[in-house]
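Asker: Structure in structure tokens, see below.
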Amino acid sequence: MKALPFVFGIHNHQPLGNFDHVVSRLTETCYLPFLKGIKGARHFRLAIHVSGILLKWWEEKAPQVIETLGELAAEGQVEFVCGGFFEPVLAAISRDDRKEQILRHKDYIRRRFGQTPTGLWLTERVWESQIIEDLADLGIEYVVVDDRHFIVSGFSKDQLFGYYLTESEGKRLAIFPIDETLRYAIPFWPVKNLENYLRDIRFRGGRMFIYFDDGEKFGAWPGTAEWVYQKGWLKNFLEASARWVDEDLVHFLTYQEALKKIPPQGICYLPTASYMEMEEWTLPTSRIYELEELFKRLGDDKERFKGLIRGGHWKNFLVKYPESNHLHKRMLMVSQLTRQPGHWEEGARLSLLAAQCNDAYWHGIFGGLYLPHLRQAVWASLAEAEGTVRRQERAFKIEVSDINFDGQPEVFVHSKEAALVFLPHYGGQLREWTIFSARTNYINTLTRREEAYHRALKEKLLHGTPSPEGAAEGVFSIHHLPRDLEPDLLASLAYDWYERNSFIDHFFDPFRDLEAFRRCDFGEWGDFANQPFGFRREKNELIFSREGGLYPPGLPRHPLKLTKRFRLSQGGREIEVHYHLENLSKERISCRFGVEFNLFPAALAYGQGRLLAGGQQHPLNEAWAAEGVGEVLFEDQAVGARLRLVFPSASLWFFPVETVSQSESGYEKTIQALALMPHFLLELDSGEGLELVIKAAVR
């Protein structure tokens, strides 16, 4: 039989804001050993995609990696594949930004390695046909996607051992379907098993072997450094693949060579898609449970029908996580701002493009949106870009518009100092408070939600941990890792019924305690926290008001009016809020009234911070309560800022808002915000009112 072409590719990337010590460790245990390992194996030729973020990090802190890549390129062993420089999801950014991201990456590769890429790596293999024309206009000839993209379009598996052509507006693009079996086999199967699979495909009439996947599988994923290097998987693979070439089983081509030498299989038109796991992760948790149930019901027929079963698509993360949607829409807003005449500055554009790095916008198996330092890095880049172009603004401006594209108007306040976003339709809450000089959004928080993997966690904690399947030989894929469990995780699983913003107004049962507040189950009587408020502006005051009510258990509704007047100064770095409460009922009101703040000092990402309440230092990582407190101070030493809250003497509750999420090593608790609530005994006779003032400032 004739040798089949084998196109082999790896994709290397580290998120914006990842810690230097992490990238350094992965460089030493994964990236560099792989490149050194393949050097000299002249039969083995491959495509390599490295995000611009990682390339720049290597250039500054690990130049030996850049040198090794250059040597491999000079020897003709490596074809460079480009993408968006800062690894954005291309379909989720504007057309102009998409082109700029790709051109910057192509230009870097051309200048540094002497190659002009014609292939493109799609971040998270997110495909939307709207990108075809742009890619073709930029000289991109091919992309790689999962074979599932084809299967959900009606193709069968045995049709996918070759590439296809597609078009839009008459512009042509080649698409290579990555073999899912190879994705899960390399480098996890023993080499002998991989060889058996390759021989089987050739026997069944396959025309090409297609592989392109994460380079982190070769040493960064748990257990793979030992498996790939110490136990010799890479060495065995290179030796075996040299024999395969000699035996005319395979011959290795770059993707560019394959495009020139091998004709396409035909034409294809693909739907919006990503890999199967991603399509599941984007679904609401309840629908993930239903999908899992469906697959269980299918039993042995799952493989037969899974190509006809779809989940969601990447952009649904913007629906699933409102925090992600707000970040995304603010990014689009700043993108437009930096492209306006008179606002173009190279530094601002680079910061904006960096803020498009995909990782902090979504959450799958682990990490991503749930990692505070990744969110902080994106918000910091966004603040850098916006602060640069707004530095000429003389006074703060107030705009009312639907920033989040959810059909509800937000109040957007901005100046050369800060940007603030208020939500009239959602409790008159403060959603964003970005201080440009601190490069921090102090409400970069994350709400606690049920994730699908929480159900499995609860079952394991209550009933024991079954041994995972799938690694009798080889090493576990990251999708099937055994995970360590801590017994206190169950107590840490709490879910919020409102989003964790600030200036949230609560009227609640006077007998509830701090633990009830931490678990978000403190007997809310009012209908103010996340309900619509009226909004009007008087000069530079923002006025939110609502005639709502209290609903004490077993008693009729007590009408109550709440008005809060926001007065902003120092360009939005200082906020003074005048509260007015009025009992509109004929009955006396007696309950607790509290104003909740959920804050994100940069210390949650970088460390170096402390908290003082009433002049006394308190821990950031545990819940506590205090009496007779009228001031709270966060010393955000990492960014040289101080956040101060001043309010009438009150009882104060505090706790770190922790989520429970998966990691490579198990399940972990992560602090996503600091929640505090000064609260007061509220007793109002019929018609009686109450005034109080709360101040917040960052300096």
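Asker: Just checking, which of LEU253, LEU308, LEU259 is out of contact with any Pro (no Cβ under 7 Å at 6 or more places or on another chain) and at pLDDT 95 or above?
Answerer: Checking each option against the conditions leaves just LEU259.
Asker: So GLY84 ticks every box in (1) within 26 Å of ASP179 (Cα to Cα); (2) in contact with a Cys (Cβ under 8 Å, 6 or more places away or on another chain); (3) not in a helix (DSSP H, G or I) but one. Which box is left unticked?
Answerer: Only one criterion is unmet by GLY84, namely (2).
Asker: Checking the structure you have, find out if any residue of the range 243-262 is closer than 19 Å to PRO33 by Cα and in contact (Cβ under 8 Å) with a residue 24 or more places away in the chain.
Answerer: Within the range 243-262, none of the residues are closer than 19 Å to PRO33 by Cα and in contact (Cβ under 8 Å) with a residue 24 or more places away in the chain.
Asker: May I pose another question? Go through the residues of the range 14-25 one by one and say whether even a single one is in contact (Cβ under 8 Å) with a residue 12 or more places away in the chain and of a type in the set (Asp, Glu).
Answerer: Yes, the range 14-25 contains a residue that is in contact (Cβ under 8 Å) with a residue 12 or more places away in the chain and of a type in the set (Asp, Glu).
Asker: In the range 362-391, which residues are over 13 Å from GLU323 (Cβ atoms) and in contact with a Lys or Arg (Cβ under 9 Å, 6 or more places away or on another chain)?
Answerer: Matches in the range 362-391: ALA380, SER381, LEU382, ALA383, GLU384, ALA385, GLU386, GLY387, ARG390, ARG391.
Asker: Given (1) surrounded by fewer than 23 Cβ atoms within 10 Å (Cβ to Cβ); (2) modelled with pLDDT of 95 or more; (3) within 23 Å of THR282 (Cα to Cα), where does ARG375 come up short, assuming only one miss?
Answerer: (1)
Asker: When the residues of the range 589-636 are filtered to those that are outside any strand (DSSP E or B) and either among the small types (Gly, Ala, Ser) or assigned by TED's automatic domain parsing to the domain that holds TRP379 (or both), which remaining residue is nearest to PRO656 (Cα to Cα)?
Answerer: ALA623
Results for (1) surrounded by 13 or more Cβ atoms within 10 Å (Cβ to Cβ); (2) of a type outside the set (Asp, Glu); (3) closer than 19 Å to TYR361 by Cα, shown as yes or no for each residue.
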position: ALA242; (1), (2), (3): yes, yes, no
position: PHE252; (1), (2), (3): yes, yes, no
position: ILE267; (1), (2), (3): no, yes, no
position: ARG287; (1), (2), (3): yes, yes, no
position: LYS306; (1), (2), (3): yes, yes, no
position: ARG310; (1), (2), (3): yes, yes, no
position: HIS313; (1), (2), (3): yes, yes, yes
position: ASN316; (1), (2), (3): yes, yes, yes
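Asker: If we keep just the residues of the range 318-360 that are over 11 Å from the mean Cα position of the chain (by Cα) and outside any helix (DSSP H, G or I), which is surrounded by the fewest Cβ atoms within 10 Å (Cβ to Cβ)?
Answerer: PRO341
Asker: Another question, then. Run down ILE543, ILE504, ILE478 and say which single residue is buried (at least 16 other Cβ atoms within 10 Å of the Cβ) and modelled with pLDDT under 95.
Answerer: Just one listed residue meets the conditions, ILE478.
Asker: Now for a separate question. Only one of (1) crowded, with 19+ Cβ neighbours inside 10 Å; (2) closer than 29 Å to LEU684 by Cβ is not met by LEU604, so which one is it?
Answerer: Checking LEU604 against (1) crowded, with 19+ Cβ neighbours inside 10 Å; (2) closer than 29 Å to LEU684 by Cβ, the one that fails is (2).
Asker: Continuing with this model, one more query. Filter the range 525-551 down to the residues that are out of contact with any Cys (no Cβ under 7 Å at 6 or more places or on another chain), part of a loop (DSSP other than H, G, I, E, B) and touching a residue at least 40 places away in the same chain (Cβ under 8 Å) and list them by number.
Answerer: Listed by number, the residues that qualify are PHE528, ALA529, ASN530, GLN531, PRO532, PHE533, ASN540.
Asker: Need the failing condition index for ALA494 against (1) surrounded by fewer than 13 Cβ atoms within 10 Å (Cβ to Cβ); (2) in contact with a Lys or Arg (Cβ under 8 Å, 6 or more places away or on another chain); (3) free of Cβ contacts under 8 Å to residues at least 60 places away in the same chain, just the number.
Answerer: With respect to (1) surrounded by fewer than 13 Cβ atoms within 10 Å (Cβ to Cβ); (2) in contact with a Lys or Arg (Cβ under 8 Å, 6 or more places away or on another chain); (3) free of Cβ contacts under 8 Å to residues at least 60 places away in the same chain, ALA494 is out only on (1).
Asker: Are any of the residues in the range 518-533 over 25 Å from PRO601 (Cα atoms), touching a Gly at 6+ places or on another chain (Cβ under 7 Å), surrounded by 19 or more Cβ atoms within 10 Å (Cβ to Cβ) and of a type in the set (Phe, Trp, Tyr)?
Answerer: There is at least one residue in the range 518-533 that is over 25 Å from PRO601 (Cα atoms), touching a Gly at 6+ places or on another chain (Cβ under 7 Å), surrounded by 19 or more Cβ atoms within 10 Å (Cβ to Cβ) and of a type in the set (Phe, Trp, Tyr).
Asker: If you take just the helices (runs of 4 or more DSSP H) that sit entirely in the range 14-62, which of them hold at least 2 residues that are within 27 Å of the chain's Cα centre (by Cα)?
Answerer: Once the helices (runs of 4 or more DSSP H) in the range 14-62 are filtered for at least 2 residues that are within 27 Å of the chain's Cα centre (by Cα), what remains is 20-26, 52-61.
This table checks each residue for (1) under 30 Å from VAL23 (Cα atoms); (2) not assigned by TED's automatic domain parsing to the domain that holds ILE132.
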{"residue": "ILE210", "(1), (2)": "yes, no"}
{"residue": "PHE218", "(1), (2)": "yes, no"}
{"residue": "GLY223", "(1), (2)": "yes, no"}
{"residue": "LEU259", "(1), (2)": "no, no"}
{"residue": "ASP300", "(1), (2)": "no, yes"}
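Asker: Among (1) in contact with a strand residue (DSSP E or B) (Cβ under 8 Å, 6 or more places away or on another chain); (2) without any contact (Cβ under 8 Å) to a residue 24 or more places away in the chain; (3) of a type in the set (Val, Ile, Thr), there is one condition THR116 misses while meeting the rest; what is its number?
Answerer: That leaves (1) as the condition not met.
Asker: Which residues, counting only those in the range 304-315, are closer than 11 Å to GLU280 by Cα and either within 12 Å of the chain's Cα centre (by Cα) or among the basic types (Lys, Arg) (or both)?
Answerer: ARG310, TRP314
Asker: Let me ask another. Could you please tell me which pairs satisfy a Cβ distance under 6 Å, a separation of 6+ or placement on different chains, a first residue in the range 55-79 that is assigned by TED's automatic domain parsing to the domain that holds GLY119, and a second residue that is of a type in the set (Val, Ile, Thr) and surrounded by 18 or more Cβ atoms within 10 Å (Cβ to Cβ)?
Answerer: TRP57/VAL23; TRP58/VAL65; ALA62/THR27; LEU72/VAL78; VAL78/ILE48; GLU79/THR254
Asker: Then there is this: Just a yes or no: is a residue in the range 401-420 of a type in the set (Asp, Glu), surrounded by fewer than 19 Cβ atoms within 10 Å (Cβ to Cβ) and in contact with a Gly (Cβ under 9 Å, 6 or more places away or on another chain)?
Answerer: Looking through the range 401-420, none of the residues is of a type in the set (Asp, Glu), surrounded by fewer than 19 Cβ atoms within 10 Å (Cβ to Cβ) and in contact with a Gly (Cβ under 9 Å, 6 or more places away or on another chain).
Asker: Only residues that are surrounded by fewer than 20 Cβ atoms within 10 Å (Cβ to Cβ) and under 29 Å from LEU32 (Cα atoms): list them for the range 199-215, please.
Answerer: Answer for the range 199-215, where residues must be surrounded by fewer than 20 Cβ atoms within 10 Å (Cβ to Cβ) and under 29 Å from LEU32 (Cα atoms): just ASP214.
Asker: Which residue out of GLU664, GLU635, GLU631, GLU668 is surrounded by 15 or more Cβ atoms within 10 Å (Cβ to Cβ), charged (D, E, K, R) and free of Cβ contacts under 8 Å to residues at least 12 places away in the same chain?
Answerer: Result of the check over GLU664, GLU635, GLU631, GLU668: GLU668.
Asker: Let me ask something else. Mind checking whether some residue in the range 552-559 is part of a strand (DSSP E or B), modelled with pLDDT of 95 or more and crowded, with 22+ Cβ neighbours inside 10 Å?
Answerer: The answer is yes; a qualifying residue exists.
The values are calculated or read from the model by the stated rules, or taken from the named source; none is laboratory data. The shown structure was predicted, so the numbers you read here are calculated from the model rather than taken from an experiment. Glycine gets a Cβ as well: all are built from the backbone with ideal geometry, and neighbour counts include every protein chain shown.
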